[in-house]
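Take a look at the structure set out below.
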């Protein structure tokens, strides 16, 4: 199995464009392409999944051990012709000053050859010391090629290639010019997600064609072939027979779901029932709800207009239906959502309002210590003292009524802020943090078990 790691000198260099284009171009050749994304990210994986036609999986040092990183990579790439890993930020960037959680560290761990994407705007001969510096900084990293991005024209490209040929032994394997058609629109949380962009298929096709024309795909495959075959994956855990149905909104408002979390829910015995919170008039027959993150603020007109579904969700909560909501899901369960001076009614299932802010309210990795209040019970992984998670939100809870109970206490950075998360209301647990424990099966199994208990109690009362 071939493998390529797409990295860059710094963020916003074009990694996603190149990774997306490679997935689309190689898939168009009939190859089975397995995408991966380094770090916590929902948006890029949506695009990569659509381009490759396969679920993208995240690889994150903060929430996975080295053994789990290797195992996830080996298991998900086992039947692929090539794995494409998209990095985050720059090749050597990370939280740890020694680089233990960097893209370089992950490339070394997985023995993946790296292709460095360089934003060439405003640079010519200076590209040579840049690439040499990145190559020599950590000799364990196999920087096997460079893709020139945002090239100003043939003359600019010739100067860049000449400088690299003169001063380095790193080959140029492709060049992409400045092209507004290759830019994916951005907003406050990053790229507009592929599940929301109505033109996503055309964008992917256009970027795939540009990469196929500007990048030497055969040479990329040769570089990818340098990667040693990963250790054979352990046999996958079989799914338990489905005993409960968990409803999951998956639409332009709610799309932030990790593929391995959905896998874990199925393995724990849940049948996943997807629905559209914007257009479906009624809640499907389910035993529990998992409402993930997304952009409810950009879709709040449609969410508010779908009053019948909002009322169904409210009734489900008031009937003590079990619900887990993350970030955008919490916003949807609120009484109202306010953004840019406009307020819209939401489900009204939580006694609070949510107001969007101009700047991020929570951003980055957090650890959660359990308060013992969660109706699920503990979700700690074996041997863990805290839950690893991440958050990235611009909204804030306001006008919370009544005494509040929380499942977690939040630690950010180097100290405990004293804040709490995991608001508990009836059988709802609503977080701003996205749970990414060292083993996602922990939270998924506990939630499914809780849904099973609630369903059994409902049947007993009915009987």
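The values are calculated or read from the model by the stated rules, or taken from the named source; none is laboratory data. Just so it is clear, the structure is predicted and the values come from calculations on it, not from any experiment. Backbone-built Cβ (ideal geometry, glycine too); neighbour counts: all protein chains shown.
Summary table below
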{"quantity": "Test: residue in region 293-305 that is modelled with pLDDT of 95 or more and within 20 Å of residue 457 (Cα to Cα)", "calculated": "no"}
{"quantity": "Scope region 152-200; condition in a loop (DSSP other than H, G, I, E, B), out of contact with any strand residue (DSSP E or B) (no Cβ under 6 Å at 6 or more places or on another chain), surrounded by 14 or more Cβ atoms within 10 Å (Cβ to Cβ) and modelled with pLDDT of 80 or more; matching residues", "calculated": "152, 168, 179"}
{"quantity": "Residues within region 83-92 that are part of a loop (DSSP other than H, G, I, E, B) and out of contact with any helix residue (DSSP H, G or I) (no Cβ under 6 Å at 6 or more places or on another chain), tallied", "calculated": "3"}
{"quantity": "Some residue of region 93-103 being touching a residue at least 40 places away in the same chain (Cβ under 8 Å), outside any loop (DSSP other than H, G, I, E, B) and in contact with a strand residue (DSSP E or B) (Cβ under 8 Å, 6 or more places away or on another chain)", "calculated": "yes"}
{"quantity": "Top-ranked residue in region 222-257 [being more than 26 Å from the chain's Cα centre (by Cα) and under 30 Å from residue 148 (Cβ atoms); ranked as surrounded by the fewest Cβ atoms within 10 Å (Cβ to Cβ)]", "calculated": "228"}
{"quantity": "Considering residues of region 132-145 that are in contact with a helix residue (DSSP H, G or I) (Cβ under 6 Å, 6 or more places away or on another chain) and not in a loop (DSSP other than H, G, I, E, B) only, the residue nearest to residue 182 (Cα to Cα)", "calculated": "145"}
{"quantity": "Residue match in region 434-457 (condition: closer than 23 Å to residue 39 by Cα, modelled with pLDDT under 95 and in a strand (DSSP E or B))", "calculated": "yes"}
